[in-house]
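Structure first, commentary second.
The values are calculated or read from the model by the stated rules, or taken from the named source; none is laboratory data. What you are looking at is a predicted structure, and each value in this text was computed from that prediction instead of being measured. Here the Cβ positions follow ideal geometry from the backbone for every residue, glycine too, while neighbour counts run over all protein chains shown.
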Amino acid sequence: FKLRSGIEAMFRDCKTGGYNLESTSADGQRLMALILLIAIAYTCAVLAGRNSRQMGLQKYIGRLKELNRLHRRHSAFWVGLYGQLWVGAMEFWADLAHDLMRLKPSKLPYFRKGLRAMSLIQSAL
């Protein structure tokens, strides 16, 4: 029964929760090629998510666990996928973030902590 929840999470990740496989309308050889690409991308995201969790970086990527909730909020796939997006967003907005930090030097230790987390997440990818 424990494996079933992992399989269901994988199907959710590949369908409406991540890659939206249902809405592609692909058939035949294109569908097989798409499934192969999704399998490779899914594996990369899950491995990155597991590495991020093992390094204790999930708290920077998403909420760890909600009160009165028995299971983790996000799968390893989600953590890996959004870890990559978080790093990309930080790189995109880096100049603005540096300008904002100059306005509030007292917040500089928190900013440095975030930059360190970003470099650790990049190493987990």
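Sort through Lys15, Lys65 and tell me the only one that's surrounded by fewer than 15 Cβ atoms within 10 Å (Cβ to Cβ), of a type in the set (Lys, Arg) and either more than 26 Å from Ser119 (Cα to Cα) or at pLDDT 80 or above (or both). Lay out the reasoning, then the answer.
On the way: Lys65 fails: either more than 26 Å from Ser119 (Cα to Cα) or at pLDDT 80 or above (or both).
Only one candidate qualifies: Lys15.
All conditions in (1) closer than 12 Å to Ala124 by Cβ; (2) not in a helix (DSSP H, G or I) hold for Ala48, with the sole exception of (2).
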